[in-house]
Amino acid sequence: MVGHHLSPDDQRSSAAGPTAPDPRPPGAPATEGTGEAEPDADGPHQAAGTAPLEAVPAETEPAETAPAETMPLEVVPVSAVKRRLRARLLAQRRALGASRRTSWPRPGSATLATRILRLPEVAGAQCVAAYVGLPEEPDLGDLLARLVAHGTRVLLPTLRCDLDLDFRAHVGTLVPGALGTREPPAAAPAGDLAEAGAVIVPALAVDRAGRRLGRGGGSYDRALARAVGATVIAVIYDQELLDLVPSEPHDRSVDIIVTPSRTLRCETV
């Protein structure tokens with residue numbers, strides 16, 4: 001029996017079993033090596049030798065987001081801020097030692113007088129308006145005595161029922177006034193604030209721009225409107241010089257600040 005010699009390719013084909021019939025019609029070009037994928041139940045296959053396909057997300061409408069809930073900002077009126085600051089400063093003054101409140105003249109009176117009298121606006125004035133301090137306020141007793149001794153006309157305030165101020169000449173005698181103040185007697189000559197070259201006013205606090213915080217009655221704000229051209233000087237304790245004092249349009253500012261330890265000319269804003 002004559003045996004057939006099989007080539008290596010024929011041997012591989014025989015080992016793999018019978019080949020399936022070619023479904024292509026006669027004469028159709030071969031597709032070997034094209035890498036075309038056959039569809040199956042799981043969808044199309046990746047073509048051999050190509051980069052993996054990136055999934056393209058389906059186009060969707062952007063989700064609407066609910067607006068974030070925001071808490072409304074509380075707007076605090078300037079008047080309310082002033083009331084709170086005023087209450088704190090008054091409590092601070094009430095906490096001063098008993099010796100400062102009861103001795104007369106109180107400690108620091110001579111120092112304040114010397115500082116104020118060194119100001120050329122005071123030293124050269126023929127008329128100065130000042131005040132008599134309440135027990136917890138910086139004491140101006142020594143200043144008043146030295147001004148009178150120097151021959152300067154001194155005007156002191158009297159509180160009216162509408163909380164405005166009238167002024168009378170200081171004649172050396174003081175009588176009780178409204179709200180715990182002391183003032184010249186009714187027989188003292190009346191004074192006009194427009195006469196004063198310098199007006200010395202009380203304050204609870206002042207900042208470097210001259211914004212002044214008073215006790216809330218508006219008395220000096222009204223009075224200072226009549227002191228045209230006068231230098232306004234506020235007297236406070238050292239700790240009452242603040243970085244910023246809240247103010248409103250009707251508030252009158254000051255030109256100079258005097259404390260027991262320093263004298264400041266206010267900055268222009």
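The values are calculated or read from the model by the stated rules, or taken from the named source; none is laboratory data. Source: prediction; values computed, not measured. Reconstructed Cβ throughout: ideal geometry from the backbone, glycine too, with neighbour counts over all protein chains shown.
Things worth noting here:
- Residue tally, condition buried (at least 21 other Cβ atoms within 10 Å of the Cβ) and either of a type in the set (V, I, T) or under 18 Å from G218 (Cα atoms) (or both), over segment 229-245: 6
- On inspection, Y237 qualifies as in contact (Cβ under 8 Å) with a residue 60 or more places away in the chain and aromatic (F, W, Y).
- Pick from segment 168-186, criterion assigned to a loop (DSSP other than H, G, I, E, B) and either charged (D, E, K, R) or closer than 20 Å to A234 by Cα (or both), ranking: farthest from the chain's Cα centre (by Cα): H170
- In segment 209-231, the residues that are under 15 Å from D166 (Cα atoms) form Cβ pairs under 8 Å with partners that are among the acidic types (D, E), at six or more places apart or across chains, as follows: S219/D164; D221/D251; R222/D164; A223/D164.
Residue by residue, here is whether (1) within 17 Å of L85 (Cα to Cα); (2) assigned to a loop (DSSP other than H, G, I, E, B); (3) β-branched (V, I, T) holds:
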residue	(1), (2), (3)
A188	no, yes, no
V201	no, no, yes
V206	yes, no, yes
D221	no, no, no
V228	no, yes, yes
A234	no, no, no
S247	yes, yes, no
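- Just one of (1) modelled with pLDDT of 95 or more; (2) among the hydroxyl-bearing types (S, T, Y); (3) surrounded by 15 or more Cβ atoms within 10 Å (Cβ to Cβ) fails for T263. It is (3).
- Residues that are without any contact (Cβ under 8 Å) to a residue 40 or more places away in the chain and surrounded by 16 or more Cβ atoms within 10 Å (Cβ to Cβ) were ranked within segment 149-161; the one that is nearest to G180 (Cα to Cα) is T158.
- Residue in segment 93-137 that is modelled with the highest pLDDT, counting only those that are of a type outside the set (V, I, T), assigned to a loop (DSSP other than H, G, I, E, B) and touching a Lys or Arg at 6+ places or on another chain (Cβ under 7 Å): Q126
- Of all residue pairs spaced 6 or more apart or on separate chains, those with beta-carbon atoms under 8 Å, a first member in segment 244-269 that is closer than 22 Å to A227 by Cα and in contact (Cβ under 8 Å) with a residue 12 or more places away in the chain and a second member that is assigned to a strand (DSSP E or B) and among the hydroxyl-bearing types (S, T, Y) are D255/T231; I256/T231; I256/T263; I257/T263.
- Residues satisfying the stated conditions in segment 203-246, i.e. at positive phi and either of a type outside the set (G, A, S) or within 25 Å of the chain's Cα centre (by Cα) (or both): G210, G216, G218
- Residue in segment 157-165 that is at pLDDT 95 or above, over 27 Å from L242 (Cα atoms), assigned to a helix (DSSP H, G or I) and of a type outside the set (D, E) present: no
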